[in-house]
Each structure stands twice: as structure tokens, then as C-alpha cells.
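Bear in mind that the values in this text are calculations on the coordinates, not laboratory data. These numbers come from a predicted model, not from an experiment. Cβ placement follows ideal geometry from the backbone for every residue including glycine, while neighbour counts extend to all protein chains displayed.
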Ligand SMILES: [Zn+2]
């Protein structure tokens, strides 16, 4: 009995020195990032001043090569994956696998090289503003995030911690306008997610440093094609001629609205409808021509819409309900509902909330306050959505904060750069322990 308190004491002192040592390590990581801030800011400005609109392949690749050199210098195995087969520039993948700690958590860091600002846009370079703010195309979405993840890994390397880490960095060249087919353009991110246990995204989230993204709704488009029996309008609703394509489309859409509108966090929207005797595509898939007469029962109706769901289960359930509605045709009509491949949802799992709690704890320990989850309704689909279902937990919105993303008023709050570099580095460090 006498030995037990001694053992406890020994254990206690062991753990307290361990904790103190941990805190020392974390303090050194933070100090290193303060010292590195100027260098990271210079790199960020350099990256933003290179136009990398999604379809400017040379610019996207130039941004990719600049970052590739940085990862090469850190000792990562880097690879440029050419995007010709999905009509985009390509992706950068950088991998570091630990020899000494092969079983340490495998962490996927997600960024993108492209921006929404085309080569001929008049918003091309940075402008330094008052109050530690910098305007620039893609500075928060998301070259700032790309610099944050790199800086975090540089700091961990300086502390000799990188050798314990299993890290894969994927920076896509087509996040703002995905190459098609998605099965090819998203292959790199899905492969990396299959390898990984944890996915961290460095988008700017809802541009609030006190929030992060635990869930993103997916986005899928659908097409409804309805056929009716053309006949004189005086014979509508008869056993012989039925109700026509336009009434059948109206029935289906109204049933969608009545049966699905109360599903929490599910939204769906018909955005285009064309109906009559004949519907023909004109130009791109958003333009249709219609011919019809008031005294003829409609033969064709086409409806195009989108649906956003918060989890794969919710999406599948909604699809099944919609198909049931579509199958209950009025007389002498038929309808086909097709769903196109789209962005899958990133579900708000308990594991994602645990990861958020860990991140929040890091933020609090650094003195930056707690972090809460962004409302999924305000979080659109992103590359991490393709990773989420292949990893144990995922979290996005760890990037550089600011305002005006995707507009000429995109401005970074540079005070968030050092903070989020430290939060990311210490989160990765704790996840690897
Ligand atoms: Zn983005």
C-alpha cells in the first residue's frame, strides 16, 4: 500500500514534466512562426500577384511550381499531376511519410492553386490597405490558406517534429471550376483521402476567425424529362388522351415541394422549365427553345434543378422520395428524373465535432478564444467534400480570414495570418501525438 502513492507520485511527476515539455514545444512552434511571419507574407504576396484564374493553366501551374519548390525544400515527395484529361491545369501533391512513426495519424491538408479571377480580369495584384489589411485576388480564397499550411509544416520541421508526421498535401488547380468528369478531376483528392485518417481544409470558411466548418452541404443537379400524348386540347383529361406533359410536370414539382420542403437543411430548386409541343436545346445547356399551341395538349416538358443536402444519407433519402413521386404518373404521361454527378455532402459527424473541439482548445490555449461551427446552410461545397466520407474526421475553414471573397473587394485581415499559422501547426502537432 505504501508503494502506491509513490508510484502515483512518480507517474504524476512524469506526466507533468511531459505536459510542460509539450507546452515548451508548442511555445517554440509559436515563436518560430512569429519569426517566420515576414517571410510567409512575402511568399503570399508573390503568389497572389501571379494570376491563376482556373482556366489560366500557365498561371495555375506557376503557382503550383512555386509551392512545389517549398515542399521539395522541406523534404516532401512532390508530384505535379497534369490535368489535360479533365481540361484543367492539374494538381500538386506533396507527401511526407514518417519512417520512425509509420502508425502516427495520417493527415491530409487541402488547398487550391486557382482563383475565380481570369487572366483578363482587372483585379490582378495586391494593394496594401490601412489596419493591416491587404486586398488581392484569391488572397483569402485561398492562397492565404496555402501559405498557412506550408508555414505550419515549416515550423514543425524547424522543431524536428516533421519526421514523426505522416502528411499529404493536395492543392488542386480547379477548385473554383472543377474539371469534368469529376471522377477524373477529383481522383487525386479522393486517393489522398483514402490514404488519410484526418482531413484539414484551409479555405477561409465564413471568414470569421471564431468559426470553422464541420459540415458542408453537397450540391447535385437534376433533370426531369416529362412526356405527354399530344392531342386537341378539347380532349384533355379523357381516358384516351390523359393530362399532358405540363400538368404532369406541375404535379411532380408540387409534390416535391409539399413532401420535401420541411426536411431540415435540405433545399432543392427548379431553376429552368420549358414545356409545349416541342422543346429543343439552343446553344449551351441553359438555353432552350419551345414551340407550343394553346389548343394542343403538351407533349414535352423539361425541368432542370439543383438539390443541396447535408449528409449522403439525406441526399439518398431525398432522391428516393423524388423518384417515387416521379413514378406516380398521370394518365398517358411518363417522366424520367436523372441526377448528375455533383459535390457530395460533408456530414456533420460526432468525429468532426470532436476535431472542432480540439481545434478550439488549441485556439483557447493560444489566447485566441473558442471556435464554433459554421451553419452548414452557409457553407457551400468544396474540395474537402470529396475527402470527408473517406476519412475518420474532417475540418475546414482554417485559412486566412478577410472579406469579399470571389469579388473585387477581396481583402485579407493579415492579423489572422500568424494566429492561424500557429493554430494549424499546434493542431497538427497534437493530432500526431
Ligand atoms: Zn476556395
**Asked** Against the longest alpha carbon principal axis of the chain, how many degrees, from 0 to 90 and to the nearest 10, is the axis of helix 350-365 turned?
**Response** 40
**Message:** Modelling each spin label as a point 7 Å along the Cα-to-Cβ direction, I'd like the residue 95/residue 234 distance in nm, to one decimal.
**Reply:** 7.5
**Asked** When the Kirkwood hydrodynamic radius is evaluated over all pairs of different C-alpha atoms of the range 218-339, what value in angstrom, to one decimal, is obtained?
**Response** 15.0
**Message:** Can you tell me the length gained on complete extension of the stretch residue 328 to residue 280, counting 0.36 nm per residue apart and subtracting the Cα distance?
**Reply:** 14.7 nm
**Asked** Out of 190, 370, 198, any idea which swings most in a Gaussian network model of the chain, alpha carbons joined below 10 Å?
**Response** 370
**Message:** Would you calculate the convex hull of the Cα atoms in the chain and tell me its volume per residue in Å³?
**Reply:** 172
**Prompt:** At q = 0.19, 0.25, 0.28 Å⁻¹, what base-10 log of I(q)/I(0) does the Debye formula yield for the range 270-340 when every alpha carbon is treated as an equal point scatterer in vacuo?
**Reply:** -0.92, -1.18, -1.28
**Request:** First measure r as the distance between the Cβ atoms of residue 366 and residue 124, then evaluate 1/(1 + (r/R0)^6) with R0 = 35 Å and state the FRET efficiency to the nearest 0.05.
**Result:** 0.50
**Request:** Using Cα pairs closer than 8 Å and at least 6 residues apart in sequence, work out the relative contact order for the chain, in percent.
**Result:** 22
**Message:** Just want to confirm a number: the relative contact order over the range 218-339, from Cα pairs under 8 angstrom separated by 6+ residues, in percent.
**Reply:** 43
**Item:** Residue-span extension gain [residue 42 to residue 415] - 0.36 nm each, minus C-alpha spacing
**Value:** 132.8 nm
**Asked** Using Cα-only point scatterers and the Debye equation, what is log10 of I(q)/I(0) for the range 104-205 at each q in 0.10, 0.16, 0.24 Å⁻¹, rounded to two decimals?
**Response** -0.36, -0.82, -1.28
**Prompt:** Out of 98, 219, 234, any idea which swings most in a Gaussian network model of the chain, alpha carbons joined below 10 Å?
**Reply:** 234
**Message:** Helix 312-327 against the longest principal axis of the chain: what's the angle in degrees, Cα atoms only, rounded to the nearest 10?
**Reply:** 0
**Request:** In whole angstrom, note down how far apart the Cα centers of the range 101-145 and the range 283-308 are.
**Result:** 41
**Request:** State the antiparallel share, in %, of DSSP beta bridges confined to the chain, rounding to the nearest 5.
**Result:** 75
**Message:** Suppose a student asked you for the relative contact order of the range 34-87, using Cα pairs under 8 Å spaced at least 6 residues apart; what percent would you report?
**Reply:** 18
**Complete:** Only helices counted: for the chain, with every DSSP H run of 4 or more residues adding -39500 (n - 2.57) and the sum spread over all residues, [θ] at 222 nm is -12500 deg cm²/dmol
**Asked** Rounded, prolate or oblate: which fits the range 338-433 when a ≥ b ≥ c are the square roots of the eigenvalues of the alpha-carbon gyration tensor, with rounded for a/c under 1.5 and prolate only if a/b beats b/c?
**Response** oblate
**Item:** Residues residue 377 and residue 66, FRET efficiency given R0 of 45 Å [Cβ-Cβ distance, rounded to 0.05]
**Value:** 0.80
**Mean projected area in nm² (Cα convex hull; one quarter of hull surface) for the range 52-141** = 8.1
**the chain: angle of helix 244-260 to the longest principal axis, Cα-based, in degrees nearest 10** = 40
**Complete:** Final fewest-first order of 359, 288 on the 10 Å Cβ neighbour count is 288, 359
